[in-house]
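Chemist: I'd like to ask some things about the structure below.
The values are calculated or read from the model by the stated rules, or taken from the named source; none is laboratory data. Computed from a predicted structure; not experimentally measured. Ideal geometry is used to build each Cβ from the backbone, glycine not excepted, and the neighbour counts take in all protein chains shown. For the accessible areas, the whole protein counts, side chains as well, though only heavy atoms, and no ligand, DNA or RNA atoms are used. Shrake-Rupley method; radii C 1.70, N 1.55, O 1.52, S 1.80 Å.
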Amino acid sequence: MATNQNVNATEEQARELVEQSRESEWKGKGFLKELFLGNFRVDWIDPWPETELSPGYLDFATRLERFMETTVDSERIDTTGEYGDDVIAGFAKLGAFGMKIPKKYGGLGFTNVEYCKALEIIGRYDGNCVALISAHQSIGVPNPLKLFGTEEQKQAYLPRCAAGAISAFALTEPDVGSDPARLGTTATKNDDGTWTISGTKLWITNSTIAELLIVMARNPVDGKISAFIVEADAPGLSIEHRCRFMGLRALANGVVKFDNVKVGADAVLGGEGKGLRVALTTLNTGRLSIPAACVGGAKGLLEECRVWSTERVQWGLPVGRHEIISHKLADMAANIYGMESLAYVAAELSERKGYDIRLEASAAKEWCTVRGWTVIDEAMQIKGGRGYETETSLRERGERPAPIERAMRDSRINRIFEGSSEIMHLMMARELVDTHLKVAGVMLDKKASIGAKLAALPGIAAFYAVWYPKLWLGWLFRPSYARFGKLGAHLVFAEASSRRLARAVFHGMMLYQAKMERKQAFMFRAVDIAMELFVMVSNIVRAQKMIDEGKPEATSAVELSDLFARNTRLYVDQKFRELWAADDDGKAAVGRHLLEERFGWLEPQKLPQPAGSAGDEASAAAK
């Protein structure tokens, strides 16, 4: 049977599984990792990293943009809820399904940066197409196979994927979202070395049109999770339901049932019991595509709002000349500049050897999707009724069919899939305290003996005796930021804030100790501060690179960097105040009381029925 096993993992078991699967050792340096510790390493991204785009990519980008303009009818896709054979075949002909696949396997061999540039182009036109390409290439078969596959597996599957065999990634289940400890789909190892997979997966993007799937399943004997490459036409595999959503109406998303699906021993990807590690590592770079697509969509909205705010006249002035609208436009531009800076510094860093991208990828996904939503919301507000009206209706009555209403529906999912905003914060918060847990985690471990804790004290004292004073005296060793001109003052603020953040997190751990893991609001604010500082620094370094190269847009880039930094300073100061002044415990108590139905009177109440009413008669008849 395909029914998922009911796995009731405790909170401790769930935490242990994730800890075992995460990359416990840092493979290289990381800007955000060091910022969390109060080490402000601008030199790691200065000068601004900018890989030259290959001639092959530039030719592809030209053809891709022409294809999006002439073949992809986003209005039709949204209305019909289907991509259409012409769109899928067109992407295959372009080679879009093999952008990240090496040339030796029939792909285009693009870098992460070039791939993100392509997703930015697609994102400017259609969110459905972004999901199609990204789900296949970022988390579907190509990426994990490239990272963990054997040569035989790569030879067998990558040429198919490059030619247009669409793939999907199957992790989520009806009872499993971000908690893999509850994974119910099973993979039973047979005597001949083959496996039998049974269970149900939910919300699997591309599943209704996929030829191949990466499937996460648990061995019922030892409980370990493995990743499997499964053919979509395997006997026993079926699509039970095509899911439909508020936006991304063509999303080929469904419920996938595995009813004793047999796969060979060579279907295991990355080794037995390594499935969750495969998934988490794949997502590190896989998450880079969504920020780039958000940048593309936001740029299109900025153009529409600029044109509209110039054309539309109210109270004797173009609406963009009214202060409140000019503020909205300014913040939109600054945010989009920040989104682009963050998306591409993360993509560039992912190409560097000796650099661990996990935090930067998570930050890019989280920050760009949140700010992208803000941009869409402001675009809707600026356009008013014309933003809320569908593009079809606008066209039918002779107005410019700007698809803001569709963009809002399509983009809302960005803060949910491939790691929701809350999960991204939790992941980054875990890395925020990683060094402290390695140095002094034994003191928080309930299972650790008194002897183990006493033995750890000398090492703990040695680390903090050196590290902590630097957080107060670091200004004595601060490098000069004079070459950044007026933007240098913002870097001084960021450097001081990084040390302030490290102190705050340390003080929080001292205060809350073992309870720190439950202080999510505290940790989330700390993560928000770190992300904001990272974007501000990226903006400034990027603007300086434009100045150094004499680019004509350098002056306006400085203007945007300065505005963003001034906004950031207000935001960061507010977040620091909230670290200690927010009413987190009081709010949590009210939330618990809600679950206990203390506020049931706020929920819809049935009106009392008068005596002898039809309702009473119906109730009596039923009895």
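Chemist: On full extension of the chain, what length is gained from residue 430 through residue 191, given 0.36 nm per residue of separation minus the C-alpha to C-alpha distance?
Modeler: 82.0 nm
Chemist: I've got another one for you. Binning at 10 angstrom from zero up to the longest distance, how are the C-alpha pair distances of region 342-483 distributed in percent?
Modeler: Per 10 Å bin, starting at 0, the Cα pair percentages come out as 10, 20, 23, 21, 13, 8, 4, 1.
Chemist: Using +1 at the Cβ of each Lys and Arg and -1 at the Cβ of each Asp and Glu in the chain, identify which of 282, 334, 497 lies farthest towards the dipole's positive end.
Modeler: 497
Chemist: Let me ask something else. State the Cα centre-to-centre distance between region 445-485 and region 63-87 in whole Å.
Modeler: The distance from the Cα centre of region 445-485 to that of region 63-87 comes to 55 Å.
Chemist: With a ≥ b ≥ c taken as the square roots of the eigenvalues of the C-alpha gyration tensor of region 102-209, please select rounded if a/c is under 1.5 and otherwise prolate if a/b is larger than b/c or oblate if it is not?
Modeler: Numbers: a/c = 2.46, a/b = 1.34, b/c = 1.83.
It comes out oblate by the Cα gyration axes.
Chemist: With a ≥ b ≥ c the root eigenvalues of the C-alpha gyration tensor of region 243-292, is it rounded (a/c under 1.5), prolate (a/b larger than b/c) or oblate?
Modeler: Since a/c reaches 1.5 but b/c is at least a/b, the shape of region 243-292 is classed as oblate.
Chemist: Near residue 105, within a Cβ-to-Cβ distance under 14 Å, what is the net charge of the other residues, with Lys and Arg +1 and Asp and Glu -1?
Modeler: Counting the neighbours of residue 105, the net charge comes to +4.
Chemist: Could you size up the charge dipole of region 299-422 around its Cα centre, putting +1 on the beta carbon of Lys and Arg and -1 on that of Asp and Glu, and report it in debye to the nearest 20?
Modeler: It works out to roughly 220 debye.
Chemist: Take region 447-548, compute every pairwise Cα distance, and split them into 10 Å bins from 0; I just need the percent in each bin.
Modeler: Computed distribution, short to long bins: 12, 32, 31, 17, 7, 2.
Chemist: Quick one: pull the percent of accessible area on the chain belonging to carbon and sulfur, 1.4 Å probe, ligands and nucleic acids left out.
Modeler: Roughly 55 percent of what the probe reaches on the chain is carbon or sulfur.
Chemist: How large is Rg over Rh for region 163-215, taking Rg from the Cα atoms and Rh as the Kirkwood inverse mean of 1/r across Cα pairs?
Modeler: Rg/Rh: 1.03.
Chemist: Take the alpha carbon gyration tensor of the chain, find the square roots of its eigenvalues, order them as a ≥ b ≥ c, and report rounded if a/c is under 1.5; if not, report prolate when a/b exceeds b/c, else oblate.
Modeler: Cα axes put the chain in the rounded bin.
Chemist: Once the convex hull of the alpha carbons of region 230-349 is built, what does its volume come to per residue, in cubic angstrom?
Modeler: Here the figure is 159 Å³ per residue.
Chemist: Hey, quick one: spin label on residue 570, modelled 7 Å out along Cα-Cβ, who in region 518-555 has an amide N within reach, i.e. under 20 Å?
Modeler: 528-537, 539-540
Chemist: Now a separate question. For residue 51 paired with residue 262, estimate the spin-label separation in nm (one decimal), with each label point 7 Å from Cα along the Cα-to-Cβ line.
Modeler: Modelled inter-label distance: 4.3 nm.
Chemist: With a 10 Å radius around each residue's Cβ, average the other Cβ atoms per peptide and rank 448-459, 488-499, 231-242, highest first.
Modeler: Answer by packing, highest mean first, reads 488-499, 231-242, 448-459.
Chemist: Mind putting a number on the dipole of the chain about its Cα centre? Charges go on the C-beta only, +1 for Lys and Arg and -1 for Asp and Glu, and I need it in Debye to the nearest 20.
Modeler: I would put it at about 1420 debye.
Chemist: To the nearest 0.05, how large is the calculated FRET efficiency for residue 314 and residue 470 if R₀ is 51 Å and r is the Cβ-Cβ distance?
Modeler: 0.40
Chemist: Still on this structure, please answer the following. Accessible area of residue 274, 1.4 Å probe, to the nearest 10 Å²?
Modeler: 100 Å²
Chemist: So how do 175, 222 rank on accessible area, 1.4 Å probe, biggest first, that is with the largest at the start?
Modeler: Largest accessible area first, the residues go 175, 222.
Chemist: Over 24 Å between Cα atoms, which of 100/438; 353/551; 33/365; 201/438 qualify?
Modeler: On the way: 100/438 36 Å; 353/551 29 Å; 33/365 17 Å; 201/438 36 Å.
Correct reply: 100/438; 353/551; 201/438.
Chemist: Round to the nearest 0.05 the FRET efficiency obtained for residue 446 and residue 353 when R0 = 51 Å and r is the Cβ-Cβ distance.
Modeler: FRET efficiency, residue 446 to residue 353: 0.80.
Chemist: Which length gain, in nm to one decimal place, applies between residue 147 and residue 462 when the Cα-Cα distance is subtracted from 0.36 nm times their residue separation?
Modeler: 109.5 nm
Chemist: Follow-up question, since we're still on this one. Taking only the alpha carbons of region 140-295, what extent do you get along each of the three principal axes, in Å, biggest first?
Modeler: 49, 32, 28
Chemist: Which of 248, 162, 235 sits closest to the plus end of the dipole of region 151-257, meaning its Cα is farthest towards the positive end, when Lys and Arg get +1 and Asp and Glu get -1 on the C-beta?
Modeler: Toward the positive end, the furthest listed residue is 248.
Chemist: Considering all alpha-carbon pairs of region 17-159, what whole percent are spaced by more than 27 angstrom?
Modeler: 39 percent
Chemist: What is the sum of charges around residue 414, taking Lys and Arg as +1, Asp and Glu as -1, for the other residues whose C-beta is under 12 Å from the C-beta of residue 414?
Modeler: So the surrounding residues net to +3.
Chemist: How many nm is it between the label spots at residue 322 and residue 396, if each spot is 7 Å from the Cα in line with the beta carbon?
Modeler: Going from the residue 322 label point to the residue 396 one covers 2.9 nm.
Chemist: Peptides 311-323, 408-420, 275-287: what's the order by average Cβ count within 10 Å, highest mean first?
Modeler: Those peptides, ordered most packed to least, come out 275-287, 408-420, 311-323.
Chemist: Let me ask something else about it. Would you mind getting the Kirkwood hydrodynamic radius of region 499-623 from its Cα pairs, rounded to one decimal in Å?
Modeler: With all distinct Cα pairs of region 499-623 included, I get 19.6 Å.
Chemist: Now for a different question. Any number yet on Rg/Rh for region 71-114, C-alpha, Kirkwood?
Modeler: Using only Cα positions, Rg/Rh for region 71-114 is 1.13.
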